[in-house]
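To start, the structure itself, in C-alpha cells.
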Amino acid sequence: MLLMPALLALLVLTACGAKSSGSIVEGKVNVITTFYPIYEFTNEIGGDDINVINLLPVGVEPHDWTPRSQDIINTSKAQLFLYNGAGLEGWVPNFLKSLDSGSEVKAVAVSEGVDYIMTDEDDGHNHGGEAHAEDEHADEAHADEEHADEAHADEEHADEAAGDSLHTDPHTWVSPKSALIMAENIRESLVAADPEHQAGYEERYSKLVERLQALDSKFETELAKVPNKEIVVSHQAFAYLARDYGLSQHAIMGLSPDAEPRGQDLVNLAALVKEEGIKYIFFEELVSDKLAKTLAAEAGVETMVLNPVEGLTEAQEKNGDNYFTLMEKNLQNLIQALQ
C-alpha cells in the first residue's frame, strides 16, 4: 500500500505531455536533455560515446510541456540530466524529486554562466510551483533532495538577486554567444561523467565551438550593416539575440507564448510599427500566428518567420534542419526585414 501514492502520481504524469523518443542503452553514458538545442549540442559533443534521450517531442513548444512517467524512469537510470535552467523548465524541481531513490543522475543547468537578462514580464513557467506530481507524491517517492536543491538553486538564482518583481528571461540559446557558454557546460558535464572518453569530447567540442563562433561572427558582421534595429516578434524570446547584436525587441506576448496581450498593447505596437517604418512582424512555427497576422493587418505590413529554435517541426526534422540552419534562416530574414 505504501507504493500507491507514487503509482498514482505516475499515472497522472502519463496523461501529461506528448511522447518523447529514445530508451536507455546499457554500457553507454545515458544523457537526458529537456529540449532541442541542448539535445543537438549534446549529440554534437558526445558523438557515439553517449546515448541521448530528448524529452521534448518533435513539433511541441517547450513552455507548457510536461513530462511523463517514462521520462522519470529513463532519467532515474541515466548518468546526466541536462536542462536549460533560468526558469524555462518550471517542472524540473519536482521532477527530480520524483526520481528513483537510488538514482545517481547528475542534474546540470547548462545556461549557468550566461549573463541573464531580467524582465518584469511574467514568465508563465511556474518555477516548479505547479508540478506534474504533487509534493506529497515527491515525499512518498523517497526523493533525493540533492537533485531538487541543484534545480532550485538555478531557478531562484537571478530572481532572488533582483527582487520578486523581476523574472529571468530563459531564452539564452537564441544567441550564439550564449550557446557557446552552454556548449562549454555540456562538454564539462560529459567529461566529468565519463573521463575515459575525454579526448573525443574535447575534439568534438572544439569543432562545435568553431561553428558557433563562425555563426556569431556572421551575426555581428551582417546585423551591423542593417539600417534599422527595431524588431516586433510574437513572443519575448529574442532578448539575448537583440542584446548581443544591437537590436531592439518589441513583443506581442510575454516570455511565454501563452501570455495574451491586452488590446491596448496591440494598439501601441501597431502605432510603433507605423512610426518606426517596420516592414515585417515576426512569428514562430510552433505557436499560433494569429496575433502576429492580426497586428500585421492592422499596421499594413507583412509577416515573416523568426525562429526561437525551441524545437523542430516535423517538416524541419525531415528536411534535416538543425540549430545552425535555423539560425542562418533567422539571420537572412532579419537582414531582409531590417533593410
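Scanning the range 107-128 for residues that are in a loop (DSSP other than H, G, I, E, B), over 22 Å from residue 75 (Cα atoms) and either in contact with a Lys or Arg (Cβ under 9 Å, 6 or more places away or on another chain) or at pLDDT 80 or above (or both) turns up 113, 114, 115, 116, 117, 120. Once the range 286-304 is narrowed to residues that are assigned to a helix (DSSP H, G or I) and in contact (Cβ under 8 Å) with a residue 40 or more places away in the chain, the residue that is most open to solvent (accessible area, probe 1.4 Å) is 291.
Each row is one residue, and each column tells you yes or no for (1) under 24 Å from the mean Cα position of the chain (by Cα); (2) aliphatic (A, V, I, L, M).
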{"site": "190", "(1), (2)": "yes, yes"}
{"site": "212", "(1), (2)": "yes, yes"}
{"site": "287", "(1), (2)": "yes, yes"}
{"site": "290", "(1), (2)": "yes, no"}
{"site": "294", "(1), (2)": "no, no"}
{"site": "297", "(1), (2)": "no, yes"}
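For the range 178-199, a residue qualifies if it is of a type outside the set (S, T, N, Q) and open to solvent by less than 60 Å² (accessible area, probe 1.4 Å), and the qualifying residues are 179, 180, 181, 182, 183, 186, 187, 190, 191, 193, 194. Looking across the range 250-285, just one residue is open to solvent by 40 Å² or more (accessible area, probe 1.4 Å) and in a strand (DSSP E or B), and that is 250.
Among residues of the range 186-213 that are assigned to a helix (DSSP H, G or I), those with a beta-carbon under 6 Å from a residue that is polar (S, T, N, Q) and surrounded by fewer than 19 Cβ atoms within 10 Å (Cβ to Cβ) at least six positions away or on a different chain give the pairs 191/198. Here are the criteria: (1) in a loop (DSSP other than H, G, I, E, B); (2) of a type outside the set (Lys, Arg); (3) open to solvent by less than 10 Å² (accessible area, probe 1.4 Å); (4) in contact with a strand residue (DSSP E or B) (Cβ under 9 Å, 6 or more places away or on another chain). Tell me which single one residue 56 does not satisfy. Failing condition for residue 56: (3). Annotation note: Cβ proximity below 6 Å between a residue of the range 18-34 that is hydrophobic (A, V, I, L, M, F, W, C) and modelled with pLDDT of 95 or more and a residue that is open to solvent by less than 40 Å² (accessible area, probe 1.4 Å) and in a loop (DSSP other than H, G, I, E, B) (sequence gap 6+ or interchain) occurs for 29/194; 32/78. Output yes when any residue across the range 305-324 is within 21 Å of residue 268 (Cβ to Cβ) and either surrounded by 15 or more Cβ atoms within 10 Å (Cβ to Cβ) or of a type outside the set (Lys, Arg) (or both), and no when none is. Yes; the residues of the range 305-324 include at least one that is within 21 Å of residue 268 (Cβ to Cβ) and either surrounded by 15 or more Cβ atoms within 10 Å (Cβ to Cβ) or of a type outside the set (Lys, Arg) (or both).
Of the residues contained in the range 236-247, none is found to be open to solvent by 30 Å² or more (accessible area, probe 1.4 Å), among the hydrophobic types (A, V, I, L, M, F, W, C) and touching a strand residue (DSSP E or B) at 6+ places or on another chain (Cβ under 8 Å). Only one of these is open to solvent by 60 Å² or more (accessible area, probe 1.4 Å), modelled with pLDDT under 95 and not in a helix (DSSP H, G or I): 164, 149. Name it. The match here is 164.
The values are calculated or read from the model by the stated rules, or taken from the named source; none is laboratory data. Just so we're clear, the structure is a prediction, and the values are computed from it rather than from any experiment. As a convention, Cβ positions derive from the backbone with ideal geometry for all residues, glycine included, and neighbour counts pool all protein chains shown. Heads up: the accessible areas ignore ligands, DNA and RNA and are worked out on the full protein's heavy atoms, side chains in. Shrake-Rupley method; radii C 1.70, N 1.55, O 1.52, S 1.80 Å.
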